[in-house]
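Heads up: the structure comes next, in structure tokens.
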Amino acid sequence: MITTPNTLKTSAARQFVPRKFRVFTDRQLDQIPALARLDADARFDMQVVANVLPFRVNQYVIDELIDWDDVPRDPIFQLTFPQRGMLDEDAFARMAELLRASPSAQQIRALANELRADLNPHPAGQQTLNVPRVDGEELSGVQHKYDETVLFFPSQGQVCHSYCTFCFRWAQFVGDKTLRFAAAEAGELTRYLAEHPEVTDVLLTGGDPMVMKTSNLKTYLEALLAPGLEHIRTIRIGTKALTYWPYRFVTDDDADELLRLFERVVDSGRQLALMTHINHWRELTPPIVQRAVARIRATGAILRAQAPLLAHINDDAETWARLWSDEVKLGIYPYYMFVERDTGAKRYFEVPLVRAWEIYRGALSGVSGLARTARGPSMSAGPGKVEVQGVATVHGEEVFVLRFIQGRNPAWVQRPFFARFDPQATWLDELEPAFGEREFFFEPEYRAMLEQAAG
Ligand SMILES: *Cc1c(COP(=O)(O)O)cnc(C)c1O
Ligand code: SF4
């Protein structure tokens with residue numbers, strides 16, 4: 001049973017006992033004692049889904065974040081454990097039938113791969129459009145979509161302390177190597193950056209780069225501090241370790257060394273930003289998380305938070321209002337509210353765009369201005385990050401007002417555009433231009449970019 005304090009207490013005086021990291025994957029589902037509470041059918045359903053979508057959960061999440069008296073409704077249970085509705089009925093039935101027939105591992109893999117191929121494993125043209133080159137050679141593990149910011153996927157950071165059931169990077173966790181952004185050497189990355197003075201931000205992402213030992217992380221971060229890279233002003237690290245494994249920052253063997261490394265980056269005059277991924281305020285309640293935040297802040301690094309809006313997990317305004325308020329209280333800046341991407345288990349988590357906007361608005365209007373800093377609801381789509389600004393009626397036509405927060409062409413940014421109102425639409429590609437126009441203003445140019453990339 002989880003007890004949720006009403007206020008976030010500082011935990012400065014408290015000693016924390018180190019915890020050994022223990023993780024369960026799809027093969028060990030039946031070894032999780034807490035699941036014994038569920039009936040056999042529910043456990044079988046989980047097994048079916050876990051053979052198609054990634055599953056990995058650690059003991060801390062099981063013990064400290066899930067309220068087992070509220071399962072299956074519990075948001076963190078939904079966030080980490082497979083649910084039947086994540087597959088469509090046909091896909092579910094096929095895998096269930098196979099599993100009942102004592103299949104070989106090879107048969108399971110073959111069907112799993114077939115079913116995964118139907119789940120749009122490559123959203124937003126990531127593989128064809130954003131791959132940068134040095135001397136004509138493609139750089140693996142690097143994505144450069146928007147001028148200012150380069151994404152880097154260090155190869156040792158391509159797992160997470162637990163997997164989120166909705167993850168848009170799910171495909172790389174189920175062994176499909178063609179989907180993995182296995183990383184370039186730090187040397188290749190810095191060579192690319194040296195040739196690109198327009199880049200101000202490097203974002204280390206994954207998976208979760210914080211699964212790396214400090215010694216590995218140091219290799220990458222120190223490379224970014226080298227002479228010739230003074231134009232890199234900000235280093236961001238995308239992570240969910242703050243709430244999936246806060247011990248990383250407090251009691252793990254190399255936690256202190258990690259904080260010294262953060263200080264080095266800050267001392268170089270750059271901003272170090274931990275881009276934390278927090279889906280529900282419950283994740284922030286354990287005292288160890290609050291200690292982790294305090295320790296990170298003491299290094300001069302800052303914390304921002306982002307998360308998608310998800311059915312079954314956080315699809316109401318009160319949850320977001322509390323999430324943003326609790327973040328601000330701890331010193332974490334709310335940054336983005338995302339729309340769940342068009343991949344993987346989207347069918348289970350999707351929320352209509354109009355509903356997303358209502359939730360955003362409802363949450364924002366109930367919190368202090370300092371907690372109103374998250375932009376959204378934002379779709380990370382092929383052409384860019386598109387925000388739903390609202391619904392309006394213009395000359396009798398009901399429309400969505402949209403804008404690019406980021407665009408593949410910077411000239412698209414902050415230009416309002418309009419789509420016909422559609423109460424069911426959940427993603428950009430389901431929207432039609434308003435006012436009888438044939439296409440959105442950016443479409444001819446975006447099409448040309450795709451054609452050029454295809455050769
Ligand atoms: C969101 C995103 C970024 C960072 O954009 P900011 O608005 O600067 O946070 C960079 N690259 C890609 C591919 C992204 O999706
Ligand atoms: S922590 Fe991030 S990358 Fe890892 S599974 Fe969750 S959403 Fe995906």
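Couple of notes before you dig in:
- The set of residues from the range 186-214 being at pLDDT 95 or above and among the hydroxyl-bearing types (Ser, Thr, Tyr) comprises THR200, THR214.
- The range 144-164 residues that are among the polar types (S, T, N, Q) and open to solvent by 40 Å² or more (accessible area, probe 1.4 Å), paired with ones that are within 16 Å of ligand 2 (Cβ to nearest atom) and modelled with pLDDT under 90 (beta carbon under 7 Å, 6 or more apart): SER155/GLY141; SER155/ALA182; SER155/ALA183
- Some residue of the range 374-384 being surrounded by fewer than 21 Cβ atoms within 10 Å (Cβ to Cβ) and either more than 17 Å from the chain's Cα centre (by Cα) or farther than 27 Å from ARG408 by Cβ (or both): no
- Test: residue in the range 194-204 that is within 16 Å of ligand 2 (Cβ to nearest atom), touching a Leu at 6+ places or on another chain (Cβ under 6 Å) and open to solvent by less than 20 Å² (accessible area, probe 1.4 Å): no
- Matching entry among VAL328, VAL339 (being over 22 Å from THR165 (Cα atoms) and among the β-branched types (Val, Ile, Thr)): VAL328
- Top-ranked residue in the range 154-172 [being aromatic (Phe, Trp, Tyr) and not in a helix (DSSP H, G or I); ranked as nearest to the chain's Cα centre (by Cα)]: PHE168
- Strands (runs of 3 or more DSSP E) (entirely within the range 54-153) containing at least 2 residues that are under 30 Å from GLU198 (Cα atoms) and hydrophobic (A, V, I, L, M, F, W, C): 149-152
- Taken together, ASP26, ASP30, ASP41, ASP45 contain a single residue that is in contact with a Lys or Arg (Cβ under 6 Å, 6 or more places away or on another chain) and of a type outside the set (Ser, Thr, Tyr), which is ASP45.
- Check on GLU350, within 19 Å of the chain's Cα centre (by Cα) and among the acidic types (Asp, Glu): yes
- Some residue of the range 216-232 being of a type in the set (Ser, Thr, Tyr) and modelled with pLDDT of 95 or more: no
- Filter result for PRO75 (within 16 Å of ligand 1 (Cβ to nearest atom) and either in contact with a strand residue (DSSP E or B) (Cβ under 6 Å, 6 or more places away or on another chain) or at pLDDT 95 or above (or both)): no
The values are calculated or read from the model by the stated rules, or taken from the named source; none is laboratory data. Here the structure is a predicted model, which means the values were calculated and not measured. Quick reminder, even Gly has a Cβ in these numbers, built from the backbone with ideal geometry, and neighbours come from all protein chains shown. For accessibility, only protein heavy atoms count, side chains too; no ligands or nucleic acids. Shrake-Rupley method; radii C 1.70, N 1.55, O 1.52, S 1.80 Å.
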